[in-house]
Amino acid sequence: MERRRTFSGVSWESTVGYCRAIRVGDNIYVSGTGPIGSDGKVYAPGDAYAQTVFCLQRIHKALQDLNSGCEDVVRTRLYVTDISRSAEYGKAHQEFFANYHPASTMVEVRALVDPEMLVEVEVEAICQSD
């Protein structure tokens, strides 16, 4: 079965050895996506909503690179460092998925790879054959 990958260009992809997303047949798996800019710094420190939007924009781009989109997403997972801010993360999620309603999980974690990161998002999609 053919495998297609897309990369976002963050340095961790090459140093850790992963891709932003991989398409295997009609299934797409998007790696945990944090709010790390092309400069390697955390985007919008302290702003849960802006960080979540940033992550979802990067995910949307990865899906497009693999001939898919938000409409094909069947599951999202949000790993957050402060669950009391769930409305902020949720608002961003709703803006991307209001018309598609994937299964979703939000779970609080003790820490992410950078202490300024408030959220990391994973996505799975099932799409039409190319």
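The values are calculated or read from the model by the stated rules, or taken from the named source; none is laboratory data. Being a predicted model, the structure only gives us computed values, none of them experimental. Using ideal geometry, Cβ is built from the backbone for each residue, glycine included, and neighbour counts are taken over all protein chains shown.
Remarks
- The residue that is surrounded by the fewest Cβ atoms within 10 Å (Cβ to Cβ), counting only those in segment 5-54 that are touching a residue at least 40 places away in the same chain (Cβ under 8 Å) and hydroxyl-bearing (Ser, Thr, Tyr), is TYR29.
- Residues of segment 100-125 that are outside any strand (DSSP E or B), more than 17 Å from GLY40 (Cα to Cα) and charged (D, E, K, R): ARG110 alone.
- Enumeration of residues in segment 82-120 that are within 17 Å of THR33 (Cβ to Cβ) and aromatic (Phe, Trp, Tyr): TYR89, PHE96, PHE97
- Residue selected from segment 75-130 under the condition exposed (fewer than 12 other Cβ atoms within 10 Å of the Cβ) and hydroxyl-bearing (Ser, Thr, Tyr), by the criterion modelled with the lowest pLDDT: SER129
- Matching residues, segment 30-50, being more than 13 Å from LEU112 (Cα to Cα) and either among the small types (Gly, Ala, Ser) or not in a loop (DSSP other than H, G, I, E, B) (or both): VAL30, SER31, GLY37, SER38, GLY40, ALA44, GLY46, ALA48, TYR49, ALA50
- Test set (1) among the acidic types (Asp, Glu); (2) more than 28 Å from ARG85 (Cβ to Cβ); (3) at pLDDT 95 or above - ASP47 fails condition number: (2)
- Filter pass, SER84 being assigned to a loop (DSSP other than H, G, I, E, B), more than 11 Å from VAL123 (Cβ to Cβ) and out of contact with any strand residue (DSSP E or B) (no Cβ under 6 Å at 6 or more places or on another chain): no
- Flag not set for LYS61, criterion: farther than 15 Å from ALA125 by Cα, among the charged types (D, E, K, R) and in contact (Cβ under 8 Å) with a residue 24 or more places away in the chain.
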